[in-house]
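*Asks:* Shown below is the structure under consideration.
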Amino acid sequence: MNKALGIVTSCLLLYSVAPAQATYDFKSFQNPGATVTRVLGLNGLGALVGMDDSIPGRHAFLVFGDSHASLDSLGVLGSDTSFARGINNQGDIVGGYAGGDGKEHGFILRQGKLSTLDVPFRTAVGTQLNAINDSGVIVGVWIDRAFKGQGFIYENGSFSNLQYPGSRDTTPFGVNSKGDIVGNWDSDQSSTGHGFVFSSGHITSFDVPNAIPNGTAANGLNDSGQIVGTYVGRDGNFHGFVRDGSTFTTIDCPGAVATIAWGINTNGQIAGNCDIATQRRGFVANGTPMKSP
């Protein structure tokens with residue numbers, strides 16, 4: 001399973017296309033007062049969410065333009081370890097926090113009101129909300145007593161399972177306005193695993209061509225079907241990627257030893273985090289992948 005702590009058919013998509021090159025305008029940054037900044041999601045307006053240490057520990061934040069705010073700084077998100085992973089165009093934010101009961105809980109922050117949302121299953125020991133679209137559909141993962149990750153979709157007050165056939169862990173990370181979902185799955189905890197796409201009741205798996213075996217994770221997608229994520233290259237480093245149809249484009253922050261792309265919006269703007277020297281920084285990248293000839 002990607003370590004961030006129903007299906008009708010499956011097939012494996014194999015791509016022989018080498019990753020294309022691209023020119024992106026990268027802006028890497030550290031939030032005010034922070035030494036670690038991880039951007040985990042963005043919306044169509046360019047608002048960013050994630051986690052940083054601008055207050056002691058690791059806590060959820062929102063950045064919009066030049067404004068930075070720690071979410072619920074006087075409540076559970078400020079006192080407990082927390083992260084914000086998804087934000088829609090209405091400004092609804094989802095994520096997770098470590099509760100005083102020793103379990104991870106999902107949260108929704110809507111119009112300034114924080115609500116906890118956990119799966120109702122008795123065997124669950126943790127819930128993580130990873131993305132929310134403009135219709136309010138939420139995707140995430142819950143952890144069972146065997147510490148296996150079980151994917152879910154939350155829609156109209158009901159939970160439904162989303163599991164890649166034969167997987168140990170399935171972790172949905174992104175959902176667009178069409179209800180298409182991306183994430184990653186694995187067969188053992190020691191690997192990053194494979195990316196997947198769930199669309200119209202069908203789930204398919206894919207790997208980045210330049211990735212090592214079991215080294216691909218899909219983290220986000222937009223309404224055009226462009227997918228972003230990360231892969232472990234044959235150099236042993238983490239690289240970001242954009243998948244547009246059958247074309248893969250590698251995206252790396254300049255000077256970074258590791259890049260993880262977490263989200264892409266309708267404008268093609270990409271957000272994530274990268275390791276530069278001794279710092280983990282957030283980034284925003286603007287540009288268009290160059291198609292292979």
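*Asks:* Taking the range 185-293, which trypsin sites (Lys or Arg not before Pro) meet the DSSP loop condition and have no more than 13 other C-beta atoms within 10 Å?
*Replies:* Sparse-neighbourhood loop trypsin sites (Lys or Arg not before Pro): Arg234, Lys291.
*Asks:* Something else: Once the other residues with Cβ under 13 Å from the Cβ of Gly151 are scored (Lys, Arg +1; Asp, Glu -1), what is the net sum?
*Replies:* Local charge sum for Gly151: -1.
*Asks:* Rounded to the nearest 500, what is the 222 nm mean residue ellipticity of the chain from helices alone, with -39500 (n - 2.57) per DSSP H run of 4+ residues and division by all residues?
*Replies:* Calculated at 222 nm, the ellipticity per residue is 0 deg cm²/dmol.
*Asks:* Keeping every protein chain present and rolling a 1.4 Å probe, give me the accessible area per residue for the range 195-264 in Å².
*Replies:* Accessible surface, normalised per residue, equals 31 Å².
*Asks:* Please label the shape of the range 117-241 as rounded, prolate or oblate, based on the square roots a ≥ b ≥ c of the eigenvalues of the alpha-carbon gyration tensor (a/c under 1.5 means rounded; beyond that, a/b larger than b/c means prolate, else oblate).
*Replies:* Judged from the Cα gyration tensor, the range 117-241 comes out oblate (a/c at least 1.5, b/c at or above a/b).
*Asks:* If you place +1 on the Cβ of every Lys and Arg, -1 on the Cβ of every Asp and Glu, and leave all else neutral, what size is the dipole of the range 64-179 about its Cα centre, to the nearest 20 Debye?
*Replies:* Dipole about the Cα centre, nearest 20: 300 debye.
*Asks:* How many angstrom lie between the Cα centre of the range 186-228 and the Cα centre of the range 243-264?
*Replies:* 13
*Asks:* Mind checking the alpha-carbon convex hull of the chain and giving the volume per residue in Å³?
*Replies:* For the chain, the hull spanned by Cα atoms encloses 126 Å³ per residue.
*Asks:* Something else about it: What is the local net charge at Gln226, summed over the other residues whose Cβ is closer than 10 Å to its Cβ (Lys, Arg +1; Asp, Glu -1)?
*Replies:* Every neighbour counted, the sum reads -1.
*Asks:* Of the accessible area of the chain, with the probe set at 1.4 angstrom, what percent is carbon plus sulfur?
*Replies:* 51
*Asks:* With a/c under 1.5 counting as rounded, go ahead and sort the range 191-293 into rounded, prolate or oblate using the C-alpha gyration tensor (a ≥ b ≥ c being the square roots of the eigenvalues; past the cut-off, prolate if a/b is larger than b/c, else oblate).
*Replies:* oblate
*Asks:* On to the next question. If the reach is capped at under 15 angstrom between alpha carbons, list the aspartates and glutamates near Lys113, excluding any in the same chain fewer than eight residues apart.
*Replies:* Asp72, Asp92
The values are calculated or read from the model by the stated rules, or taken from the named source; none is laboratory data. Because the structure is a prediction, the values reported are computed rather than measured. Quick reminder, even Gly has a Cβ in these numbers, built from the backbone with ideal geometry, and neighbours come from all protein chains shown. In case anyone asks, the SASA skips ligands and DNA or RNA and just uses the protein heavy atoms, side chains included. Shrake-Rupley method; radii C 1.70, N 1.55, O 1.52, S 1.80 Å.
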